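Peer 1: Starting off with a structure, shown below.
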Protein chains: 2
Amino acid sequence: MPALKPSERRYQRTHEAILEAARQIIHEDGVNALSMRAIAQRIDYSAAGLYEYFASKEEIIETICRQGHRRLKDGMARVSTDLPIREYLRDTGLAYIEFAVQNPDFFLLMFTKAPPLPPGEMSPKELQALLESELLDENSAFLVLFNGIQRGINEGVLPVRPDLGVMEIALGAWSLVHGLAMLRVTFLQSFQTDFARIERETLRAFYEGLTLNRDRN
Amino acid sequence: MPALKPSERRYQRTHEAILEAARQIIHEDGVNALSMRAIAQRIDYSAAGLYEYFASKEEIIETICRQGHRRLKDGMARVSTDLPIREYLRDTGLAYIEFAVQNPDFFLLMFTKAPPLPPGEMSPKELQALLESELLDENSAFLVLFNGIQRGINEGVLPVRPDLGVMEIALGAWSLVHGLAMLRVTFLQSFQTDFARIERETLRAFYEGLTLNRDRN
DNA sequence: TTAAAATCCAAACAACGTTCGGAAAACAAA
DNA sequence: TTTGTTTTCCGAACGTTGTTTGGATTTTAA
């Protein structure tokens, strides 16, 4: 029972309508077509009216990005953990790429800007702790990778070293799938090739290399 | 002996001054601060005057991006080919990342938009051929990677399969270094960690995995 | 010397994000 | 119901953007 007053329900509905309109515009006409006036027109508002619900266009975009990260994480979490670790990590990585291919505009929106930081000042220590907690937030796609790598270590398939722990390996894995996804939706957008094979083989090579993990660089 | 007429020399000089001013603005105040009026002010022109030299702001940016690709390629080509293949490929990848870290604004400018296509229509065949030739252009950073992989194959260190040739392996390698670079200048911008170690270890794992290259996915 | 071409800019245009001031509506208290 | 207050909404405007236009000035060519 939310027990919301009617005015609050109206507010929430409009709030969501703005986001939905913004998503539609991005999906249909691209990010460049996203303007406050265009959003307003879709939901029969004036541009000025939107500022009752969002402080700025940037805030609308940030909200959409947060939801995008959740959708990305959901897609990756959908991979069955019953799979053997090798297939599990592979399919998780492929899910990351699949999201990018299916939602290139949102993906680029999410990953071409540095993440927004809270306005207040903070010490480097605090900042680092905040970033680390955001990285491992429950809605973070990275967390899925992180847990997957952790599982591989627990199962004894992936070796660890004092200077190369879960975090370091997971960041490497993230970089790999991110690069595959990013290049495919930008530079290789119109390029024709068997991306699926490249992705699988590249992921495989990285995985097998991880299982070795000798000592010297 | 260029044998340019004085007017042509003047034209070239202004042409270059515009690009230089644009580069400075991007470097000092970021991409968002780049405007036609800001460029004009730096070189004592009016905004309208710039259109004698560039058809649009987009054309200025494209030119800067092309030069950026050349600089990126030069940085990678600076790695000594006397190095053993393993170290050569590693340092080439690290050079790619180093460029991104030293020039994050330019790097993002170069790789967050799909490459500009010539306006004329063309068949899918022609388009594919054009993209492939651009990918392997002499000023393409990818070409350095491509040649490096090719060398590894020639030396018998990297195995090839009918369905996984130089191009496919090189695209995978590109994706890997691109992801490492991209994440570092965007999402992990303020994050503190031993990036150098992660990069070396990730590249190492991928390389070692490549040398195995079994048959099934 | 004269016609043509190249060079440059003030002014304006359309579109943008955002702010301001107030109108209209919804709500709360009496 | 009648107040007074708060919420909701918008027309108009501000400042900035990329770009176009028309004409002025200079350079070049004949």
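Peer 1: Defining a contact as two alpha carbons under 8 Å apart and six or more residues distant in sequence, what relative contact order in percent does region A:40-156 show? Can you show the working numbers first?
Peer 2: Working: 66 pairs, mean separation 36.5, N = 117.
Result for region A:40-156 is 31 percent.
Peer 1: Using only DSSP helix segments of four residues or longer, with each worth -39500 (n - 2.57), what per-residue ellipticity at 222 nm results for the protein assembly as shown after dividing by its residue count and rounding to 500?
Peer 2: On the way: 18 runs with 284 residues, N = 434.
The helix-only estimate for the protein assembly as shown comes to -21500 deg cm²/dmol at 222 nm.
Peer 1: Would you mind checking the tilt of helix B:85-102 against the longest principal axis of the Cα atoms of chain B, expressed as 0 to 90 degrees and rounded to 10?
Peer 2: The two axes meet at around 30 degrees.
Peer 1: Largest first, how would A:D137, B:D82 line up by accessible area (1.4 Å probe)? Don't skip to the end; give the middle numbers.
Peer 2: Values: A:D137 65, B:D82 140 Å².
Final ranking, largest accessible area leading: B:D82, A:D137.
Peer 1: Among the listed pairs B:K57/B:K125; A:K73/B:K113; B:K73/B:K113, which are separated by more than 21 Å between their Cα atoms?
Peer 2: On the way: B:K57/B:K125 31 Å; A:K73/B:K113 24 Å; B:K73/B:K113 19 Å.
Pairs exceeding 21 Å: B:K57/B:K125; A:K73/B:K113.
Peer 1: Okay, next question. Whole number in Å², please: accessible area per residue of the protein assembly as shown, 1.4 Å probe, ligands, DNA and RNA not counted. Display every interim value, and only then the final one.
Peer 2: Details: 22150 Å² over 434 residues.
Value returned for the protein assembly as shown: 51 Å² of accessible area per residue.
Peer 1: Report, please, the projected area of chain A averaged over directions, based on the convex hull of its C-alpha atoms, in nm². Don't skip to the answer; put the middle values down first.
Peer 2: Values: hull surface 65.2 nm².
In nm², the orientation-averaged hull projection of chain A is 16.3.
Peer 1: In terms of the Cα gyration tensor, with a ≥ b ≥ c the square roots of its eigenvalues, is the protein assembly as shown rounded because a/c is under 1.5, prolate because a/b exceeds b/c, or oblate? Write out the running numbers ahead of the final one.
Peer 2: Details: a/c = 1.73, a/b = 1.05, b/c = 1.64.
Oblate, since a/c reaches 1.5 and b/c is not below a/b.
Peer 1: Shortest first and in nm to one decimal, what separations exist between B:T193 and its copies in the other chains, measuring from label points 7 Å along the Cα-to-beta-carbon line?
Peer 2: Copy-to-copy label distances for B:T193: 2.7 nm.
Peer 1: Considering only DSSP states other than H, G, I, E and B, which trypsin sites (Lys or Arg not before Pro) in region B:76-139 qualify as loop sites with at most 13 other Cβ atoms within 10 Å? All intermediate terms of the calculation are to be shown ahead of the outcome.
Peer 2: On the way: sites: B:R78, B:R86, B:R90, B:K113, B:K125; in loops: B:R78, B:K113.
Of the trypsin sites (Lys or Arg not before Pro), the ones in loops of region B:76-139 whose Cβ has at most 13 other Cβ atoms within 10 Å are B:R78.
Peer 1: Sticking with this one: I'd like the orientation of helix B:57-77 relative to chain B: the angle between its Cα long axis and the longest Cα principal axis, in ° from 0 to 90, rounded to 10.
Peer 2: 40
Peer 1: To the nearest hundred square angstrom, how large is the accessible surface buried between A and B, total for both chains, probe 1.4 angstrom? Numbers along the way, then the final one.
Peer 2: Numbers: alone 13560 and 13560 Å², together 22150 Å².
For A against B, buried area totals roughly 5000 Å².
Peer 1: Give me the angle, in degrees from 0 to 90, between the Cα long axis of helix A:195-212 and the longest principal axis of the Cα atoms of chain A, rounded to the nearest 10.
Peer 2: The angle comes out at about 50 degrees.
Peer 1: In nm, to one decimal, how far is the modelled label at B:S190 from the one at B:E52, with both set 7 Å along Cα→Cβ?
Peer 2: Rounded to a tenth, the inter-label distance reads 4.6 nm.
Peer 1: To continue, here is another question. How many angstrom lie between the C-alpha centres of region A:169-213 and region B:79-108?
Peer 2: Region A:169-213 and region B:79-108 have Cα centres separated by 18 Å.
Peer 1: Here is a further query. Excluding the sites themselves, what is the longest stretch of chain B that contains no GluC sites (Glu not before Pro) in a DSSP loop with at most 15 other C-beta atoms within 10 Å? Each step should come with its number before you reach the end.
Peer 2: Working: sites that count: B:E121, B:E138, B:E155.
Longest gap between qualifying sites, sites excluded: B:1-120.
The values are calculated or read from the model by the stated rules, or taken from the named source; none is laboratory data. Everything numeric here is computed off the predicted structure, so don't read it as measured data. Cβ sites come from the backbone with ideal geometry, for glycine too, and all protein chains shown count toward neighbours. SASA here: full protein model, heavy atoms, side chains in, ligands and nucleic acids out. Shrake-Rupley method; radii C 1.70, N 1.55, O 1.52, S 1.80 Å.
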